């Protein structure tokens with residue numbers, strides 16, 4: 001498997017002179033299985049525009065292809081690039097777009113198609129050239145055919161989001177971004193009038209269990225692509241509950257799960273190249289990571305799995 005990063009930024013595209021090295025496009029990952037010419041795309045952030053242009057060029061400007069797009073969730077920074085994905089406007093393109101089932105009444109097709117209306121975009125969904133099939137996903141195990149297994153896992157984010165584990169020929173790729181550690185949502189202050197011992201105990205137990213399940217989800221991964229938008233101090237100071245992870249926690253969790261390589265992504269839109277370089281000096285060393293290889297993902301970077 002060959003993984004290429006087309007977008008690694010979180011929350012909102014952040015182009016400019018301070019994000020040239022790591023990139024300012026929001027999440028989009030390209031996974032290739034060369035031995036069967038299979039293309040899998042994770043998320044349709046602004047990075048998918050350049051991916052589409054590259055695919056169009058490779059196909060003689062026809063832009064026609066067969067691909068599976070797995071959306072982690074439908075927050076704007078993960079879908080805003082889809083209308084600008086060149087192959088979607090070509091009749092020869094066949095796409096399957098997968099995404100999590102939410103508690104909302106609108107199906108995935110309408111959630112995605114909402115931005116393809118005259119109110120937001122000059123081309124409406126029914127005017128697209130591509131043949132698109134929308135598939136709702138829940139947490140579980142799926143057979144994608146020809147030896148590819150996909151496991152979807154619910155994450156901890158303000159909107160229902162999925163992490164994906166792809167298993168193929170004894171190799172494992174995992175995505176776990178737009179998530180934060182599970183924590184006890186009940187009051188634990190015994191002096192507080194709202195304190196309930198049973199609820200506090202159950203909340204702590206549930207958080208521990210979900211964090212254990214998360215580590216089991218990416219256990220022994222050859223490559224784990226994980227949210228690391230904040231440092232621990234930033235997270236504890238004001239970011240708890242925003243749905244993104246502190247880097248220090250991620251490294252420790254990946255070590256416990258015996259991950260081989262850890263790619264930190266979903267970089268904060270305010271984080272400059274210089275700041276990411278400074279963080280790399282702290283976290284990208286085998287002594288800190290216990291021998292595990294850690295790197296901060298960059299646009300255009302390719303990793304062979």
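The values are calculated or read from the model by the stated rules, or taken from the named source; none is laboratory data. What you see is a predicted model, and the numbers here were worked out from it, not measured in a lab. With ideal geometry, Cβ positions are generated from the backbone for all residues, glycine too; neighbour counts draw on all protein chains shown.
Residues that are surrounded by 13 or more Cβ atoms within 10 Å (Cβ to Cβ) and either touching a residue at least 24 places away in the same chain (Cβ under 8 Å) or part of a helix (DSSP H, G or I) (or both) within region 181-207 comprise 181, 182, 183, 199, 200, 201, 202, 203, 204, 206, 207, listed in sequence order.
All told, residue 223 falls short of being under 20 Å from residue 240 (Cβ atoms) and under 21 Å from the mean Cα position of the chain (by Cα). Reported count of residues in region 265-305, each being under 21 Å from residue 51 (Cβ atoms) and touching a helix residue (DSSP H, G or I) at 6+ places or on another chain (Cβ under 6 Å), is 1. Going through (1) more than 27 Å from residue 303 (Cα to Cα); (2) part of a loop (DSSP other than H, G, I, E, B) one by one, residue 220 falls short only on (1).
Kindly indicate whether residue 75 is out of contact with any strand residue (DSSP E or B) (no Cβ under 9 Å at 6 or more places or on another chain) and under 22 Å from residue 162 (Cα atoms). So residue 75 fits the description; yes.
Of the residues making up region 170-182, those that are touching a strand residue (DSSP E or B) at 6+ places or on another chain (Cβ under 9 Å) and under 27 Å from residue 145 (Cα atoms) number 7.
Looking at region 2-45, which of the residues that are over 21 Å from residue 296 (Cβ atoms) and assigned to a loop (DSSP other than H, G, I, E, B) is nearest to the chain's Cα centre (by Cα)? Checked region 2-45; the qualifying residue nearest to the chain's Cα centre (by Cα) is 44.
Note on region 251-305: enclosed strands (runs of 3 or more DSSP E) holding 2 or more residues that are surrounded by 13 or more Cβ atoms within 10 Å (Cβ to Cβ) are 261-265, 293-296. Please verify whether residue 234 is more than 12 Å from residue 176 (Cα to Cα), without any contact (Cβ under 8 Å) to a residue 40 or more places away in the chain and surrounded by 17 or more Cβ atoms within 10 Å (Cβ to Cβ), treating the condition exactly as stated. Criteria not met by residue 234. Selection of region 78-96 for residues being outside any loop (DSSP other than H, G, I, E, B) and either surrounded by fewer than 22 Cβ atoms within 10 Å (Cβ to Cβ) or over 17 Å from the mean Cα position of the chain (by Cα) (or both) yields 83, 84, 86, 87, 88, 89, 94, 95, 96. Report yes if residue 276 is within 16 Å of the chain's Cα centre (by Cα) and at pLDDT 95 or above, otherwise no. Against the criterion (within 16 Å of the chain's Cα centre (by Cα) and at pLDDT 95 or above), residue 276 does not qualify. Residue count for region 97-129 satisfying the condition of being touching a residue at least 40 places away in the same chain (Cβ under 8 Å) and exposed (fewer than 12 other Cβ atoms within 10 Å of the Cβ): 1. Checking each residue in region 97-123 for being in contact with a strand residue (DSSP E or B) (Cβ under 7 Å, 6 or more places away or on another chain), within 20 Å of residue 155 (Cα to Cα) and not in a loop (DSSP other than H, G, I, E, B) picks out 97, 98, 99, 100, 108.
Confirm whether residue 158 is touching a helix residue (DSSP H, G or I) at 6+ places or on another chain (Cβ under 7 Å), part of a loop (DSSP other than H, G, I, E, B), surrounded by fewer than 18 Cβ atoms within 10 Å (Cβ to Cβ) and at pLDDT 85 or above. No. Is one or more of the residues making up region 113-126 in contact with a helix residue (DSSP H, G or I) (Cβ under 8 Å, 6 or more places away or on another chain) and within 28 Å of residue 167 (Cβ to Cβ)? Taking every residue of region 113-126 in turn, none turns out to be in contact with a helix residue (DSSP H, G or I) (Cβ under 8 Å, 6 or more places away or on another chain) and within 28 Å of residue 167 (Cβ to Cβ).
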